[in-house]
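Let me begin by presenting the structure, written as structure tokens, before commenting on it.
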Amino acid sequence: MANPVISWYNSLNTAVVTTPFNFGVIDADDLSPVFTFNIWNNKGGTTDVSKMEDCTITTRDMSGGLGNTVGSEIEVVKNNWFHCQVDSLGETDLAQESSRIGKDYTKPIGTTGTTKKDNTGATYPTPLKPGAKEILGVKNNGVAADAAGNFATVSLQADVPLEAKSGQQAFKIRVSYRYV
């Protein structure tokens, strides 16, 4: 089967999220605004692709590392500044330690939604539901209400400590998965 086709959309599914994404200026000892993203597999796809399995989210430095390379330390990763709440799983833990991601933490993502219609708008005989930590890759019409099994919704927020160094930090929000 074809590789997953991943795309990130804004909270309303109306625009592709461009990279690099700017989380803005966040002062030390402050919280960032909450940013919500929809992570799609095969949005509006006309043929099936592989589903994403064992999906997790975390932060990494631009080299894919843990932010702790001497001379190239990325505090946002190394010190686990970000929190992630998986809205598509009904989570409400954004302000809690259970939502922290970074060097020391990853978080499972997925959805409890189902995909009900294919790319032509025809209804599947039975709604297709992903398993735990999965995002479907079946063909769909790209409409969130009809293809909820094909994307996960996450809300991210940075919690910057008082001792944070000033300056811009380049890092990645990484979704890891496997596929067959």
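The values are calculated or read from the model by the stated rules, or taken from the named source; none is laboratory data. From a predicted model like this one, the values you see are computed outputs, not experimental measurements. Cβ placement follows ideal geometry from the backbone for every residue including glycine, while neighbour counts extend to all protein chains displayed. Keep in mind that these areas ignore ligands, DNA and RNA; they rest on the heavy atoms of the full protein, side chains included. Shrake-Rupley method; radii C 1.70, N 1.55, O 1.52, S 1.80 Å.
Averaging the sequence gap over all C-alpha pairs within less than 8 Å and six or more residues apart, then dividing by the number of residues, gives the chain a relative contact order of 33 percent.
For A164, the amide hydrogen comes within under 5 Å of the amide hydrogens of D29, counting only partners 5 or more places away or on other chains and with H modelled in the peptide plane. Dipole size of the chain about its Cα centre, with +1 on Lys/Arg Cβ and -1 on Asp/Glu Cβ: approximately 740 debye, rounded to the nearest 20.
Can you compute the label reach from N3? Point 7 Å from Cα along the Cβ direction, backbone N cut-off under 20 Å, restricted to the stretch 163-180. Answer for the stretch 163-180: 172-180.
The residue among F37, M62, M52 whose Cα reaches farthest toward the positive pole of the charge dipole of the chain, with charges on the beta-carbon of Lys, Arg, Asp and Glu, is M52. A simple spin-label model places the labels of Q168 and T18 1.5 nm from each other, with each point 7 Å out along Cα-to-Cβ. Per-residue ellipticity at 222 nm, computed for the chain from helices alone with -39500 (n - 2.57) per DSSP H run of at least four residues, works out to -500 deg cm²/dmol. For the stretch 52-84 versus the stretch 1-48, the inter-centroid distance based on Cα atoms is 17 Å. The candidates W8, W81, arranged from most to least accessible area with a 1.4 Å probe in the full protein assembly, appear as W8, W81.
P(r) tail, the stretch 21-70: Cα-Cα pairs separated by more than 15 Å, 71% of all pairs.
In order along the stretch 10-15, the Karplus-derived 3J(HN,Hα) couplings, from 6.51 cos²θ - 1.76 cosθ + 1.60 at θ = phi - 60°, round to 5, 4, 9, 6, 9, 8 Hz, and Gly and Pro are given as x. Between the labelled values (i) 10, 36, 32, 16, 5, 1; (ii) 8, 26, 28, 24, 13, 1; (iii) 10, 39, 35, 13, 3, 0, the entry that holds P(r) over Cα pairs in 10 Å bins from 0, in percent as derived from this structure is (i).
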